[in-house]
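Inspection log for the structure reproduced underneath, given as C-alpha cells.
Where a number appears in this text, it was derived from the coordinates with a stated rule and is not lab data. Note that the structure is predicted; figures quoted are calculated from it, not measured. Methodologically, a virtual Cβ is constructed for each residue, glycine included, from the backbone with ideal geometry; neighbour enumeration extends over all protein chains shown.
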Amino acid sequence: MAQPKMLQPVPDAAKSAREQAKAYKSVFGPRSLELGDGSIIDIPPHPNLRMLDDEQMAAYEELLFEVESYDREPDLHIPEQKLDSGVILPAETRRGAVLEPHRLDGKLVKPPYTVRVVQAAVGDDLYARLRAGGCNAADVWRVWNEQGLELTSRADADPKSNGSTSSVAHVPAPDQQ
C-alpha cells in the first residue's frame with residue numbers, strides 16, 4: 001500500500017501566494033499603489049483574506065484581540081419569546097456593538113483603528129514608505145475597497161455562488177426507470 005504524500009512546508013507561503021496571484025492578475029493579488037513621489041509599492045490584500053506574512057497576520061490578530069476590550073454600547077437583553085407555533089425562544093443577551101469612533105476607557109484610540117489595521121497589514125517599513133511617499137491609510141483602504149467590489153462582482157457573476165445574479169440552466173428531471 002502506497003504511503004500518502006506528505007505536504008512539504010512552503011517557505012514564505014503567503015508571499016508566494018501573493019506573487020502567483022499577481023502574476024495571474026487574480027482579484028486576490030496585491031495591488032500596486034503609486035506614491036506621490038512616483039515610486040510604486042504593493043499593497044497586500046485585505047487581512048481578512050488571510051494572505052499576509054506571519055508577522056503581519058500576528059499583528060492584525062493582536063489588534064482584533066485588543067478590539068474585544070474597546071468600549072461598547074450597552075448589552076441588549078432579549079426576553080424569552082413564545083411564537084404562535086408554540087415554540088419558545090429562550091432569553092438571550094447580545095453583546096453591545098463596539099462604539100465608533102473606537103475608544104478605550106472613554107478615550108479615543110490613537111492612532112485610529114483604521115490606521116492601525118493598515119499598519120498591521122503592511123508592516124512598519126512599508127507604512128513608513130507609504131507616509132514618506134505622500135500617501136496614508138485612506139489610500140490603502142481605497143485599494144482594499146476596490147478589491148472588495150471586484151470580489152463581490154466576481155461572486156455575483158458566478159452561478160455557483162450563493163446569491164448570484166446569474167442562473168444555472170434548468171436540469172431536466174431524470175428519466176423514469
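Can you tell me the dipole magnitude for the chain around its Cα centre, using point charges on the Cβ only (Lys, Arg +1; Asp, Glu -1), in Debye to the nearest 20? Spell out each step's value before the answer.
Working: 20 positive and 28 negative charges, 58 e Å.
Here the size comes out at about 280 debye.
Most exposed first by the Cβ proxy, i.e. fewest other Cβ within 10 Å, how do 41, 88 rank?
Values: 41 18, 88 10.
Ascending number of Cβ neighbours within 10 Å: 88, 41.
Once phi is turned into θ = phi - 60°, what whole-Hz ³J(HN,Hα) does the Karplus curve with 6.51, -1.76 and 1.60 give for every residue of segment 146-158, x standing for Gly and Pro?
Here the 3J(HN,Hα) series is 4, 5, x, 5, 5, 5, 5, 4, 5, 5, 5, 7, 8 Hz.
Would you mind telling me which residue in 17, 138, 97 has the biggest mean-square fluctuation in a Gaussian network model of the chain, where springs connect alpha carbons within a distance under 10 angstrom?
97
Collect residues whose amide H, placed 1.01 Å from N in the peptide plane, falls under 5 Å from the amide H of residue 72; neighbours closer than 5 in sequence don't count.
Amide H neighbours of residue 72: 99.
What residue among 13, 83, 157 has its Cα farthest toward the positive end of the dipole of the chain, where the charges are +1 on Lys, Arg and -1 on Asp, Glu, each on the Cβ?
Farthest towards the positive end: 157.
With r defined as the distance between the Cβ atoms of residue 69 and residue 92 and R0 fixed at 22 Å, what FRET efficiency is calculated, to the nearest 0.05?
According to the calculation, E is roughly 0.45.
In nm, to one decimal, how far is the modelled label at residue 48 from the one at residue 3, with both set 7 Å along Cα→Cβ?
A separation of 4.2 nm, rounded to one decimal place.
Per-residue HN-Hα couplings for segment 56-73, Karplus 6.51 cos²θ - 1.76 cosθ + 1.60 at θ = phi - 60°, whole Hz, x for Gly and Pro?
Values per residue, Gly and Pro as x: 5, 5, 4, 5, 5, 5, 4, 5, 4, 5, 4, 4, 4, 9, 5, 5, 10, 5 Hz.
What is the spin-label model distance, in nm, from residue 114 to residue 153 if the labels are put 7 Å beyond Cα along the C-beta direction?
Label-label distance for residue 114 and residue 153, simple model: 2.2 nm.
With θ set to phi - 60° and the Karplus curve 6.51 cos²θ - 1.76 cosθ + 1.60, what are the ³J(HN,Hα) couplings of segment 38-50 in order, to the nearest whole Hz, using x for Gly and Pro?
So the Karplus estimates, Gly and Pro as x, are x, 6, 10, 10, 9, 9, x, x, 3, x, 5, 7, 6 Hz.
For segment 20-91, which chymotrypsin sites (Phe, Trp or Tyr not before Pro) pass both filters: DSSP loop (anything but H, G, I, E, B) and at most 13 other C-beta atoms within 10 Å?
24
Run the numbers on the chain and let me know its relative contact order in percent, using alpha-carbon pairs under 8 Å that are six or more apart. Intermediate values should be presented prior to the final figure.
Numbers: 187 pairs, mean separation 32.5, N = 177.
Averaging sequence separation for qualifying contacts and normalising by length gives 18 percent for the chain.
Which order, highest average first, do 110-122, 73-85 follow once you tally other Cβ atoms within 10 Å for each residue and take the mean per peptide?
The peptides rank, most packed first, as 110-122, 73-85.
Taking the chain as a Gaussian network, where each spring joins two C-alpha atoms under 10 Å apart, which residue of 133, 29, 86 fluctuates the most?
Among 133, 29, 86, the largest GNM mean-square fluctuation belongs to 86.
What whole number of Å gives the distance from the Cα centroid of segment 93-114 to the Cα centroid of segment 7-66?
Here the two parts' Cα centres lie 27 Å apart.
For a test of the definition: using alpha carbon positions, the gyration tensor, and the 1.5 limit on a/c, classify segment 95-162 as rounded, prolate or oblate.
oblate
Once you have a ≥ b ≥ c as the square roots of the Cα gyration tensor eigenvalues for the chain, tell me rounded if a/c is under 1.5, and otherwise prolate or oblate according to whether a/b is larger than b/c.
Cα axes put the chain in the oblate bin.
Rounded, prolate or oblate: which fits segment 71-133 when a ≥ b ≥ c are the square roots of the eigenvalues of the alpha-carbon gyration tensor, with rounded for a/c under 1.5 and prolate only if a/b beats b/c? Mind showing how you got there, number by number?
Working: a/c = 6.43, a/b = 2.95, b/c = 2.18.
Because a/c hits 1.5 or more and a/b exceeds b/c, segment 71-133 counts as prolate.
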